[in-house]
Amino acid sequence: ANGISMDSNQHLTLEDITIYSAPGHALISSGDQHHWQLLHCSLKRRPGKTRCISATADGHHISNSQGFYRMEHCDFSYNGDDCLNIHDNSCTGIKKVGERTAVVGNVRRWRNPFEPGDPVEFRNGDLSPMNLRLSVDSVKWNEEQGECEIAFDELLPDDLAADTILFNRRYDSGNYIVRNNFFHHNRARGMLIHASNGLVEGNHFYMNQGSAIQIQCGVEQRWAEGFGVQNLVVRNNLIESCDVNHWNMAVVYMDVYLPGGHTRYPIFRDIVFESNTIVDCPQAAFFLSSCANVT
(Lines give C-alpha, C1' and ligand atoms only; values in the text may rest on other atoms or scores of the structure.)
Protein backbone atom coordinates (compact mmCIF):
# COMPACT_ATOMS: atom_id res chain seq x y z
CA ALA A 1 0.00 0.00 0.00
CA ASN A 2 2.12 2.84 -1.32
CA GLY A 3 1.38 6.53 -0.96
CA ILE A 4 1.71 7.61 -4.60
CA SER A 5 2.28 5.11 -7.43
CA MET A 6 3.59 6.36 -10.77
CA ASP A 7 3.55 3.95 -13.71
CA SER A 8 4.60 4.95 -17.23
CA ASN A 9 4.03 8.69 -16.82
CA GLN A 10 5.90 11.16 -19.01
CA HIS A 11 6.88 14.75 -18.18
CA LEU A 12 5.29 14.75 -14.72
CA THR A 13 5.94 17.19 -11.88
CA LEU A 14 5.04 16.59 -8.24
CA GLU A 15 5.46 19.82 -6.29
CA ASP A 16 4.73 21.00 -2.73
CA ILE A 17 3.39 17.60 -1.63
CA THR A 18 3.70 16.43 1.99
CA ILE A 19 3.29 12.77 2.97
CA TYR A 20 2.96 12.04 6.69
CA SER A 21 2.56 8.26 6.51
CA ALA A 22 2.19 5.32 4.13
CA PRO A 23 2.04 1.56 4.85
CA GLY A 24 4.56 0.93 2.04
CA HIS A 25 6.76 3.22 -0.04
CA ALA A 26 5.84 6.88 0.07
CA LEU A 27 6.33 7.11 -3.71
CA ILE A 28 7.07 4.41 -6.28
CA SER A 29 7.89 4.78 -10.00
CA SER A 30 8.13 2.02 -12.61
CA GLY A 31 7.39 0.94 -16.16
CA ASP A 32 7.86 3.35 -19.06
CA GLN A 33 8.09 6.24 -16.59
CA HIS A 34 10.48 8.94 -17.82
CA HIS A 35 11.20 12.65 -17.42
CA TRP A 36 9.59 13.35 -14.04
CA GLN A 37 10.52 15.42 -11.04
CA LEU A 38 9.89 16.03 -7.34
CA LEU A 39 10.18 19.64 -6.24
CA HIS A 40 9.75 20.90 -2.65
CA CYS A 41 8.13 17.64 -1.48
CA SER A 42 8.29 16.29 2.09
CA LEU A 43 8.07 12.94 3.78
CA LYS A 44 7.96 13.43 7.54
CA ARG A 45 6.15 12.69 10.79
CA ARG A 46 3.02 14.70 11.36
CA PRO A 47 3.85 17.54 13.78
CA GLY A 48 2.40 17.15 17.27
CA LYS A 49 1.85 13.40 16.94
CA THR A 50 3.71 10.57 18.68
CA ARG A 51 4.24 8.38 15.61
CA CYS A 52 7.93 7.46 15.33
CA ILE A 53 7.82 6.60 11.62
CA SER A 54 6.50 8.11 8.39
CA ALA A 55 6.38 5.64 5.48
CA THR A 56 7.37 2.10 6.43
CA ALA A 57 9.52 1.51 3.33
CA ASP A 58 11.43 3.74 0.85
CA GLY A 59 10.78 7.42 0.43
CA HIS A 60 10.94 7.17 -3.36
CA HIS A 61 11.43 3.71 -4.86
CA ILE A 62 12.37 3.80 -8.55
CA SER A 63 12.34 0.33 -10.12
CA ASN A 64 12.48 -0.63 -13.81
CA SER A 65 11.86 2.82 -15.26
CA GLN A 66 13.12 4.73 -18.29
CA GLY A 67 14.99 7.27 -16.20
CA PHE A 68 15.50 11.03 -16.54
CA TYR A 69 14.48 11.94 -13.01
CA ARG A 70 15.07 15.09 -10.98
CA MET A 71 14.62 15.64 -7.23
CA GLU A 72 15.30 19.08 -5.76
CA HIS A 73 14.62 20.87 -2.46
CA CYS A 74 12.86 17.89 -0.86
CA ASP A 75 12.91 16.81 2.81
CA PHE A 76 12.60 13.05 3.40
CA SER A 77 12.82 11.61 6.93
CA TYR A 78 11.75 8.99 9.49
CA ASN A 79 10.88 6.31 6.94
CA GLY A 80 11.59 2.62 7.44
CA ASP A 81 13.96 2.09 4.51
CA ASP A 82 16.01 4.17 2.04
CA CYS A 83 15.09 7.78 1.42
CA LEU A 84 15.77 7.31 -2.32
CA ASN A 85 16.39 3.99 -4.11
CA ILE A 86 17.13 4.03 -7.85
CA HIS A 87 17.50 0.63 -9.53
CA ASP A 88 16.54 -1.81 -12.25
CA ASN A 89 16.09 -5.52 -11.56
CA SER A 90 18.33 -8.32 -12.77
CA CYS A 91 17.99 -12.09 -12.26
CA THR A 92 19.98 -15.32 -12.30
CA GLY A 93 19.38 -19.07 -12.00
CA ILE A 94 19.01 -19.97 -15.68
CA LYS A 95 18.61 -23.40 -17.29
CA LYS A 96 18.74 -24.01 -21.03
CA VAL A 97 15.82 -26.22 -22.12
CA GLY A 98 15.97 -25.72 -25.90
CA GLU A 99 18.15 -24.23 -28.61
CA ARG A 100 16.60 -20.80 -28.07
CA THR A 101 14.74 -21.39 -24.80
CA ALA A 102 15.70 -21.14 -21.13
CA VAL A 103 13.90 -21.29 -17.79
CA VAL A 104 14.78 -18.57 -15.29
CA GLY A 105 14.07 -19.13 -11.60
CA ASN A 106 13.50 -16.84 -8.62
CA VAL A 107 11.62 -14.25 -10.68
CA ARG A 108 8.32 -12.46 -10.23
CA ARG A 109 6.29 -10.88 -13.00
CA TRP A 110 6.04 -7.54 -11.20
CA ARG A 111 9.77 -7.54 -10.42
CA ASN A 112 11.15 -8.96 -13.69
CA PRO A 113 8.65 -7.91 -16.35
CA PHE A 114 10.08 -9.67 -19.44
CA GLU A 115 8.04 -8.94 -22.56
CA PRO A 116 8.45 -9.86 -26.25
CA GLY A 117 10.94 -7.54 -27.91
CA ASP A 118 12.90 -6.76 -24.73
CA PRO A 119 16.69 -6.71 -25.31
CA VAL A 120 18.36 -8.96 -22.71
CA GLU A 121 22.06 -8.74 -21.95
CA PHE A 122 23.82 -11.85 -20.62
CA ARG A 123 26.50 -11.45 -17.94
CA ASN A 124 28.83 -13.95 -16.30
CA GLY A 125 28.33 -14.82 -12.64
CA ASP A 126 30.96 -12.25 -11.64
CA LEU A 127 29.05 -9.50 -13.54
CA SER A 128 31.61 -9.36 -16.35
CA PRO A 129 30.20 -9.12 -19.91
CA MET A 130 29.56 -12.19 -22.05
CA ASN A 131 29.22 -9.94 -25.11
CA LEU A 132 25.84 -11.49 -25.79
CA ARG A 133 22.53 -9.67 -26.18
CA LEU A 134 19.35 -11.35 -27.44
CA SER A 135 15.77 -10.20 -27.90
CA VAL A 136 12.84 -11.90 -26.17
CA ASP A 137 10.58 -13.74 -28.59
CA SER A 138 8.01 -15.06 -26.09
CA VAL A 139 7.52 -15.57 -22.34
CA LYS A 140 5.58 -18.20 -20.40
CA TRP A 141 5.12 -17.56 -16.68
CA ASN A 142 4.77 -20.07 -13.87
CA GLU A 143 4.10 -17.67 -11.03
CA GLU A 144 3.42 -20.38 -8.47
CA GLN A 145 6.95 -21.70 -8.97
CA GLY A 146 8.46 -18.22 -9.32
CA GLU A 147 9.91 -18.93 -12.75
CA CYS A 148 9.44 -18.11 -16.41
CA GLU A 149 10.37 -19.73 -19.70
CA ILE A 150 11.87 -17.30 -22.18
CA ALA A 151 12.27 -18.00 -25.90
CA PHE A 152 14.85 -15.78 -27.57
CA ASP A 153 15.16 -14.72 -31.18
CA GLU A 154 18.56 -16.43 -31.63
CA LEU A 155 20.41 -19.51 -30.42
CA LEU A 156 21.64 -19.68 -26.85
CA PRO A 157 25.23 -20.73 -26.07
CA ASP A 158 25.72 -24.46 -25.46
CA ASP A 159 27.71 -23.81 -22.28
CA LEU A 160 25.22 -21.46 -20.60
CA ALA A 161 26.07 -21.50 -16.87
CA ALA A 162 23.41 -21.57 -14.15
CA ASP A 163 24.84 -18.43 -12.52
CA THR A 164 24.49 -16.37 -15.71
CA ILE A 165 22.97 -12.97 -14.87
CA LEU A 166 20.34 -11.31 -17.10
CA PHE A 167 19.95 -7.54 -17.52
CA ASN A 168 16.71 -6.48 -19.22
CA ARG A 169 18.01 -3.48 -21.14
CA ARG A 170 14.52 -2.25 -21.92
CA TYR A 171 14.89 -0.49 -18.58
CA ASP A 172 17.39 2.18 -17.59
CA SER A 173 16.61 4.25 -14.50
CA GLY A 174 19.71 6.35 -15.08
CA ASN A 175 20.07 10.03 -16.00
CA TYR A 176 19.11 11.69 -12.72
CA ILE A 177 19.76 14.87 -10.76
CA VAL A 178 19.39 14.77 -6.97
CA ARG A 179 20.17 18.24 -5.66
CA ASN A 180 19.68 20.34 -2.51
CA ASN A 181 17.65 17.77 -0.58
CA PHE A 182 17.64 16.89 3.14
CA PHE A 183 17.70 13.13 3.86
CA HIS A 184 17.64 12.36 7.57
CA HIS A 185 16.59 10.10 10.48
CA ASN A 186 15.58 7.16 8.30
CA ARG A 187 16.16 3.47 8.98
CA ALA A 188 18.44 2.59 6.04
CA ARG A 189 20.51 4.45 3.46
CA GLY A 190 20.11 8.09 2.49
CA MET A 191 20.52 7.20 -1.19
CA LEU A 192 20.83 3.71 -2.67
CA ILE A 193 22.22 4.15 -6.18
CA HIS A 194 22.18 1.34 -8.78
CA ALA A 195 21.93 3.41 -11.98
CA SER A 196 24.29 5.40 -14.22
CA ASN A 197 24.63 8.99 -15.40
CA GLY A 198 23.83 10.86 -12.21
CA LEU A 199 24.53 14.09 -10.37
CA VAL A 200 24.21 14.08 -6.57
CA GLU A 201 24.87 17.62 -5.44
CA GLY A 202 24.33 19.92 -2.47
CA ASN A 203 22.39 17.44 -0.35
CA HIS A 204 22.47 17.15 3.45
CA PHE A 205 22.55 13.62 4.88
CA TYR A 206 21.98 13.49 8.63
CA MET A 207 21.51 10.56 11.02
CA ASN A 208 20.83 8.00 8.30
CA GLN A 209 20.93 4.63 10.01
CA GLY A 210 22.93 3.13 7.14
CA SER A 211 25.35 4.74 4.72
CA ALA A 212 24.53 8.20 3.48
CA ILE A 213 25.31 7.09 -0.08
CA GLN A 214 25.46 3.43 -1.10
CA ILE A 215 26.46 2.57 -4.67
CA GLN A 216 25.57 -1.04 -5.32
CA CYS A 217 24.93 -3.89 -7.74
CA GLY A 218 24.27 -7.54 -7.10
CA VAL A 219 22.27 -10.74 -7.27
CA GLU A 220 21.08 -13.04 -4.50
CA GLN A 221 17.91 -14.92 -3.52
CA ARG A 222 16.24 -11.91 -1.88
CA TRP A 223 17.47 -9.02 -4.03
CA ALA A 224 18.76 -8.76 -7.59
CA GLU A 225 19.15 -5.08 -8.38
CA GLY A 226 21.30 -2.87 -10.55
CA PHE A 227 23.19 -3.04 -13.84
CA GLY A 228 26.25 -1.23 -12.47
CA VAL A 229 26.96 2.49 -12.07
CA GLN A 230 28.94 4.62 -14.50
CA ASN A 231 29.38 8.38 -14.94
CA LEU A 232 28.34 9.60 -11.50
CA VAL A 233 29.32 12.92 -9.86
CA VAL A 234 28.87 13.35 -6.08
CA ARG A 235 29.81 16.86 -5.00
CA ASN A 236 29.22 19.57 -2.40
CA ASN A 237 27.23 17.27 -0.10
CA LEU A 238 27.23 17.42 3.71
CA ILE A 239 27.29 13.98 5.33
CA GLU A 240 26.80 14.23 9.08
CA SER A 241 26.54 11.47 11.73
CA CYS A 242 25.52 8.73 9.28
CA ASP A 243 25.91 4.92 9.36
CA VAL A 244 24.86 5.21 12.99
CA ASN A 245 24.26 1.45 13.38
CA HIS A 246 27.43 0.44 11.46
CA TRP A 247 25.29 -0.89 8.60
CA ASN A 248 28.18 -1.01 6.12
CA MET A 249 31.06 0.34 8.21
CA ALA A 250 31.37 3.38 5.89
CA VAL A 251 29.26 6.45 5.22
CA VAL A 252 29.98 6.21 1.47
CA TYR A 253 29.88 2.55 0.47
CA MET A 254 30.46 0.98 -2.97
CA ASP A 255 30.26 -2.79 -3.32
CA VAL A 256 28.57 -5.77 -4.99
CA TYR A 257 26.75 -8.75 -3.49
CA LEU A 258 26.92 -12.12 -5.22
CA PRO A 259 26.61 -15.76 -4.12
CA GLY A 260 30.38 -16.02 -4.58
CA GLY A 261 31.11 -12.83 -2.66
CA HIS A 262 33.03 -9.93 -4.18
CA THR A 263 34.06 -9.53 -7.82
CA ARG A 264 37.22 -8.11 -9.31
CA TYR A 265 35.28 -6.93 -12.36
CA PRO A 266 34.90 -3.10 -12.18
CA ILE A 267 31.13 -2.78 -12.44
CA PHE A 268 31.45 0.79 -11.08
CA ARG A 269 33.34 3.20 -13.37
CA ASP A 270 34.04 6.87 -13.96
CA ILE A 271 32.85 8.22 -10.62
CA VAL A 272 33.90 11.52 -9.03
CA PHE A 273 33.60 12.56 -5.37
CA GLU A 274 34.35 16.26 -5.07
CA SER A 275 34.14 18.87 -2.28
CA ASN A 276 32.00 16.78 0.05
CA THR A 277 32.15 17.31 3.82
CA ILE A 278 31.96 14.30 6.15
CA VAL A 279 31.37 14.93 9.86
CA ASP A 280 31.38 12.36 12.68
CA CYS A 281 31.61 9.12 10.75
CA PRO A 282 31.69 6.22 13.26
CA GLN A 283 34.13 4.11 11.23
CA ALA A 284 35.39 4.51 7.63
CA ALA A 285 34.48 7.48 5.49
CA PHE A 286 34.72 5.46 2.23
CA PHE A 287 34.66 1.80 1.25
CA LEU A 288 35.14 1.42 -2.51
CA SER A 289 35.44 -1.87 -4.41
CA SER A 290 34.82 -3.47 -7.82
CA CYS A 291 35.57 -0.13 -9.42
CA ALA A 292 37.79 1.69 -11.92
CA ASN A 293 38.55 5.35 -12.54
CA VAL A 294 37.16 6.63 -9.24
CA THR A 295 38.41 10.10 -8.29
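The values are calculated or read from the model by the stated rules, or taken from the named source; none is laboratory data. Because the structure is predicted, anything quoted here is derived from the model rather than measured. Glycine also receives a Cβ, built like all others from the backbone with ideal geometry; neighbour counts cover every protein chain displayed. With ligands, DNA and RNA removed, areas are computed over all heavy atoms of the protein, side chains included. Shrake-Rupley method; radii C 1.70, N 1.55, O 1.52, S 1.80 Å.
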Distance (nanometres) between label positions extended 7 Å along Cα→Cβ at residue 180 and residue 149:
5.6
Please give the per residue accessible area of the range 161-270, computed with a probe of 1.4 Å over protein heavy atoms only, in Å².
35
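Percent antiparallel among DSSP beta bridges with both residues in the chain, to the nearest 5? It would help to have the intermediate numbers written out before the result.
Details: 28 of 103 bridges.
Within the chain, antiparallel bridges account for around 25 percent of the total.
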List the residues, sorted by chain then number, that are 5 or more residues from residue 43 or on another chain and whose placed amide H is less than 5 Å from its amide H.
19, 75, 76, 77
Cα-based Rg and Dmax for the chain, where Dmax is the largest Cα-Cα distance (Å)
19.2, 64
Take every Cα pair under 8 Å in the range 85-230 that's 6+ residues apart, average their separations, divide by the length, and report that relative contact order as a whole percent.
26
Beyond 17 Å, what share of the Cα-Cα pairs of the range 1-67 remains, rounded to the nearest whole percent?
42
Going residue by residue through the range 267-284, the Karplus relation 6.51 cos²θ - 1.76 cosθ + 1.60 with θ = phi - 60° gives ³J(HN,Hα) values, rounded to whole Hz and with x marking Gly or Pro, of 6, 10, 9, 6, 10, 10, 10, 9, 6, 8, 10, 10, 10, 6, 7, x, 9, 6
Only loop residues by DSSP count here, and only those with at most 10 other Cβ atoms within 10 Å; note down the trypsin sites (Lys or Arg not before Pro) in the range 1-58 that meet that.
49, 51
Sparse-neighbourhood loop hits (chymotrypsin sites (Phe, Trp or Tyr not before Pro), the range 46-152; DSSP loop; Cβ within 10 Å at most 13 others) -> 110
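Run through the range 125-184 and list the GluC sites (Glu not before Pro) located in a DSSP loop whose Cβ has at most 12 other Cβ atoms within 10 Å.
143, 144, 154
I'd like the FRET efficiency for residue 118 and residue 269, computed as 1/(1 + (r/R0)^6) with the beta carbon distance as r and R0 of 30 Å, rounded to 0.05. Write out the running numbers ahead of the final one.
Values: r = 25 Å, r/R0 = 0.82.
About 0.75, to the nearest 0.05.
Of all beta bridges DSSP finds with both residues in the range 55-209, what is the antiparallel percent, to the nearest 5? Walk me through the intermediate numbers first.
Working: 25 of 46 bridges.
Close to 55 percent.
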Given R₀ = 25 Å, FRET efficiency for residue 221-residue 295 by Cβ-Cβ distance, to 0.05?
0.10
Rounded to the nearest 0.05, what FRET efficiency do residue 56 and residue 10 give with R0 = 30 Å and r taken as the Cβ-Cβ distance? Could you check?
0.55
Which distance in Å, rounded to a whole number, links the C-alpha centroids of the range 13-50 and the range 178-229?
17
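Counting Lys and Arg as +1 and Asp and Glu as -1, each charge on the Cβ, what is the dipole of the chain about the Cα centre in debye, to the nearest 20? Could you put the intermediate results ahead of the total?
Values: 24 positive and 35 negative charges, 156 e Å.
Once rounded to the nearest 20, the dipole reads 760 debye.
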How large is the translational diffusion coefficient of the range 64-168 in µm² per second when you combine the Kirkwood radius over alpha carbon pairs with Stokes-Einstein at 10 °C and 1.306 mPa s?
104
Around residue 137, which amide H atoms from residues at least 5 apart in sequence, or from another chain, sit under 5 Å from its own amide H, with H modelled in the peptide plane?
117, 151, 152, 153
For the range 217-225, what does the Karplus curve 6.51 cos²θ - 1.76 cosθ + 1.60, with θ = phi - 60°, yield as ³J(HN,Hα) per residue in whole Hz, taken in order and with x for Gly and Pro?
7, x, 9, 7, 4, 7, 10, 8, 9
